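S.K.: This is the structure, below, for whatever I ask next.
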Amino acid sequence: MTAPLTADAHAYGLVGDGTADDRPALQKLVDALGDATAADGRPRTVRVPAGRYVIRDRPVLWRSGVSLIGAGRGATCFALCNPGAPTRPVPLAWFTTAQHGAGRDNHIADVTFAHFEIDGSRVETEEYEVLAKGLGLQYVLRGRFTDLYIHDTAATGFGCDFLQDTVVEGVLAERCGRQDPGEKMGGAGIGIGVGGWGPVERTAITDCTATGNGTNGIFLELQQDDWVPPRGIRVTACHTEDNRYGISDWGADGLLVTGCTMLGNHVAGFDVSAQGTTSVGGRGGIVTGCVIDGNVGDGIALGNTPGPYAFRGNRVSGNGRYGYWQHNLAGGDQEPATDIVLESNDIHDNALDGIRVDAPLHEPAIFGNRVRNNGRRAAPATDGGGEGVHCGPLSLTDENADWPPGGHRGKELTVGDGRNAVVTGNTATELTLAPSRPGADTAWPDGTPAPGVTYRLPDCPAPRTGLTAAAAVVHPYVHGNRVRDDGHPRTQTHALWIAHEATWTGGRVSGNDFSGNASAATRFDSAPSGGRWRDNDG
């Protein structure tokens, strides 16, 4: 076969009629261009005209120096399926360490994947298979992935690891992780394993969107626990919505997250924890200028990290539990997190505490924040049923109710047959409910409850504060914050609560405005020890 620098796919046997299996022709073409590139060092490009190209039963083994360029999202579509191989994952392209010996000295270089769609809706494996991705390449050097639409894959949509000098831009990942129940590895919209290239991996993820994916919208995950967490990774101007987690740092060092939106994710908008395969949390990251709003659980969840980590200039609002939650999961790093910084954030209208510390902190700096109008989950327990009660796919209405607006946010609703759903908001008579899982269009996978169904909602917890310490806090610097509630009614009971299980040692608490909360400025169930407290209003 002649190997031109640019090859038209139709001229080399691809059909694109949505029926014929185009995998053999594409594999033959990729191999020919890959051989030619290896021989003369000149990268090649496959241009794929508009059409629907079926990749059946087996993925395409990719070659270094071969790029794949379509005619645009929705125009060029690769449709993955495995009717003859129900145990085999079928990504469009793969090259991995386990299957193909990928490594630093055996990598994919100088490739571009751009301007096409990957439809994974027809891949169904007998058991969840982490490799059932849209793209599954490892050890990529000088790669560019741009303007891709990847959807409905059984596992992660864009699942490429160890990306050096690589840009991932304009990738839209929707409803990926379709077979992942939410607790398996993978199952994300965009999942990138890190650490394979050493202490620095120069990777930029920009202008990407991830919605309705089974686990994470976007995550970075250290792949071996004895590797050094790498620096050099940036996530910029991305949007994550209706995933289990929005953006997660599971093992990077110095991750930069800027100008992103994390909305309506089911567990947390931004997560640092030991949930990755190596149980290593990120450290040294900076999150700035982001909107972290309306997540079903927490806005920011941080734990299993030695620190440092900094959050500056973010809006953290309307989340169903805490705005910021410091906590550790079992199995990961349990040492105190050092040098956590919360600076100039607007943390407001979250259901419970604005900032909650349930894991040890050493030398935290909390300054210049506005922590206001939290504790919105203030409605008492209630129940009902009968006439006037009816459910929709994502709602329950009781025409006889008179609930405080927003007062049930984050509560677990139980209906008569024992089914549960989580409340994301409410009016005086209607509860809005979270989907049963990311990407779902109903809170009731077993069918909408019948009219008149009985229901109950639990009581609200108290206190609900601006800042709660329920663990050991050593030498904190808390300065220049405005921690108050000017809502009607006020629901943030205290500006600062030191719970009985906490210790607060040394440090400085000064120049804060603690006035205007529902009950009192402070509550000390455990008295602080040492340090300087002065010039705090309230």
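S.K.: Given the conditions (1) under 34 Å from the mean Cα position of the chain (by Cα); (2) open to solvent by 50 Å² or more (accessible area, probe 1.4 Å); (3) not charged (D, E, K, R), which single one is not true for Phe524?
M.R.: The single condition Phe524 does not satisfy is (1).
S.K.: Of (1) closer than 16 Å to Ala472 by Cα; (2) in contact (Cβ under 8 Å) with a residue 60 or more places away in the chain, Ile340 satisfies all except one. Which?
M.R.: Among (1) closer than 16 Å to Ala472 by Cα; (2) in contact (Cβ under 8 Å) with a residue 60 or more places away in the chain, Ile340 violates only (2).
S.K.: For region 21-54, give me each residue that is more than 29 Å from Gly74 (Cβ to Cβ) and crowded, with 19+ Cβ neighbours inside 10 Å.
M.R.: Result: Ala36, Thr37.
S.K.: Between residues in region 517-538 that are of a type in the set (A, V, I, L, M, F, W, C) and residues that are open to solvent by 80 Å² or more (accessible area, probe 1.4 Å) and assigned to a strand (DSSP E or B), which pairs lie under 9 Å by C-beta distance while being six or more apart or on different chains?
M.R.: Cβ pairs passing all conditions: Ala521/Asp537; Trp533/Arg508.
S.K.: If we keep just the residues of region 369-408 that are of a type in the set (Lys, Arg) and assigned to a loop (DSSP other than H, G, I, E, B), which is surrounded by the most Cβ atoms within 10 Å (Cβ to Cβ)?
M.R.: Top of the filtered list is Arg376.
S.K.: Please name all residue pairs, on different chains or six or more residues apart, with Cβ atoms under 6 Å, provided the first residue is in region 454-474 and is basic (Lys, Arg) and the second residue is open to solvent by 10 Å² or more (accessible area, probe 1.4 Å).
M.R.: Within 6 Å, the pairs are Arg456/Asp383; Arg456/Thr414; Arg464/Leu352; Arg464/Thr493.
S.K.: So, restricting to strands (runs of 3 or more DSSP E) that lie completely within region 6-60, which ones have at least 3 residues that are farther than 26 Å from Thr125 by Cβ?
M.R.: Fully inside region 6-60 and qualifying: 6-8, 44-47.
S.K.: Which of the residues belonging to region 120-161 are open to solvent by 10 Å² or more (accessible area, probe 1.4 Å), free of Cβ contacts under 8 Å to residues at least 60 places away in the same chain and part of a strand (DSSP E or B)?
M.R.: Matches in region 120-161: Ser121, Arg122, Gln138, Tyr139, Leu141, Arg142, Arg144, Thr146, His151.
S.K.: Considering region 176-214 alone, what residues qualify as being open to solvent by 10 Å² or more (accessible area, probe 1.4 Å) and touching a strand residue (DSSP E or B) at 6+ places or on another chain (Cβ under 8 Å)?
M.R.: The answer is Arg178, Trp197, Pro199, Val200, Arg202, Ala204, Thr206, Asp207, Thr209, Thr211.
S.K.: In region 37-82, which residues are closer than 12 Å to Thr6 by Cα and among the hydrophobic types (A, V, I, L, M, F, W, C)?
M.R.: Correct list: Val46, Val48, Val66, Leu68, Ile69.
The values are calculated or read from the model by the stated rules, or taken from the named source; none is laboratory data. Since we're looking at a predicted model, the values are computed, not measured. All Cβ positions, even for glycine, are placed from backbone atoms using ideal geometry, and neighbour counts span all protein chains on display. Side chains included, ligands, DNA and RNA excluded: accessible areas come from the protein's heavy atoms. Shrake-Rupley method; radii C 1.70, N 1.55, O 1.52, S 1.80 Å.
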